[in-house]
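The values are calculated or read from the model by the stated rules, or taken from the named source; none is laboratory data. Keep in mind the model is a prediction, meaning the values are calculated, not measured. We place every Cβ from the backbone using ideal geometry, glycine too, and count neighbours over all the protein chains shown. Keep in mind that these areas ignore ligands, DNA and RNA; they rest on the heavy atoms of the full protein, side chains included. Shrake-Rupley method; radii C 1.70, N 1.55, O 1.52, S 1.80 Å.
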Amino acid sequence: MKRILFLLAFAIVEFAANAQSTVYVVFASTENRSAVNGAWHSKIAPDSQLGREITAHVISLICESSNSCFTFVSEDNAAPIKKPKDFLKTVACIDWDVLAPTLSKSQAEMKYKEILAHDTIYFIDRNDIEGDEMNLIRVHEPRSRF
């Protein structure tokens, strides 16, 4: 009986460890390159010669207290997903505008690793919310293609 309970517990832990996880990071981007906290959100126009049919996104989360900048890029040819604003009430999210000023260097690095540990990462720029609709931008850590 103990062996069955142990195997059942192990199976549950293994299932939970392999479960798909999603994180949502919300921020209000700034064009101010001297901003000390917040996020830069660069949009790169489509270019069919490069095989990019949709706008690419490069987003850098800035944290002055830790002197850190964490950069993410959008998934290749993945258009942002449109959702109603009320969607944010149904999921847990990280509000970078509130969190960044409170983080030490080690806390900022841990938060970055925590974000990267998720299977799916979505960024939501408050400046891209139009009416009752917002864009979820699927991102990942930049990877070399070489």
(request) Show the residue pairs that are 6+ apart or on different chains and have beta-carbon atoms under 8 Å apart, the first residue being within the range 71-98 and open to solvent by 50 Å² or more (accessible area, probe 1.4 Å), the second being modelled with pLDDT of 90 or more and assigned to a loop (DSSP other than H, G, I, E, B). (result) Pro84/Asp132; Lys85/Ile129; Lys85/Asp132; Asp86/Asp132; Asp97/Ala28
(request) Identify all residues within the range 119-133 that are closer than 16 Å to Val23 by Cα and either open to solvent by less than 50 Å² (accessible area, probe 1.4 Å) or among the polar types (S, T, N, Q) (or both); write none if there are none. (result) Thr120, Ile121, Tyr122, Phe123, Ile124, Asp125
(request) Please work out which residue is nearest to Ser144 (Cα to Cα), limiting yourself to the range 73-126 and to residues that are at pLDDT 90 or above and of a type in the set (Asp, Glu). (result) Asp119
